[in-house]
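> Got a structure for you, written out below as structure tokens; questions coming shortly.
Please treat every number below as a calculation from the coordinates, not as lab data. Because the structure is a prediction, the values reported are computed rather than measured. A quick note on method: Cβ atoms are made from the backbone with ideal geometry, for glycine too, and the neighbour counts reach across all protein chains shown.
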Amino acid sequence: MLSLKFNGNGYSLPVGTLLANLIGAFIIGAALAYFLRHPQLDQHWKILITTGLCGGLTTFSTFSMETVMFLQSGNLAAAGLNVLLNLAGSLLLTAVAFTLVTWLIAH
């Protein structure tokens, strides 16, 4: 749904795909912090949230396709920026969410 709303609507990068990946990264970072503090939580819940929710929301294959399409069209700057924003942004938001939830649980 994010792709339908944002991709191709005047943005030079596929913003919908980026948003899906960043939101999923934040959720999985928060979930990881919570799961580490609650190891007794049923494994099914962990799988449901990580593989089910985050796996269904994020879209690595679409990100890969969009990046290859930029490369095929000779738009190296867009390809590089797409890779940077998706990878660095996802890692950053996972770390931020992990840190935030860890802090919230401790306080």
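Let's see how each residue does on (1) in a helix (DSSP H, G or I); (2) of a type in the set (Gly, Ala, Ser); (3) surrounded by 13 or more Cβ atoms within 10 Å (Cβ to Cβ); (4) in contact with a strand residue (DSSP E or B) (Cβ under 7 Å, 6 or more places away or on another chain):
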{"residue": "THR67", "(1), (2), (3), (4)": "yes, no, yes, no"}
{"residue": "PHE70", "(1), (2), (3), (4)": "yes, no, yes, no"}
{"residue": "GLY74", "(1), (2), (3), (4)": "no, yes, no, no"}
{"residue": "GLY80", "(1), (2), (3), (4)": "yes, yes, yes, no"}
{"residue": "LEU84", "(1), (2), (3), (4)": "yes, no, no, no"}
{"residue": "LEU87", "(1), (2), (3), (4)": "yes, no, yes, no"}
{"residue": "THR94", "(1), (2), (3), (4)": "yes, no, yes, no"}
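> If you take the residues of the stretch 35-65 that are buried (at least 18 other Cβ atoms within 10 Å of the Cβ) and not hydrophobic (A, V, I, L, M, F, W, C), which of them is nearest to the chain's Cα centre (by Cα)?
This residue is THR58.
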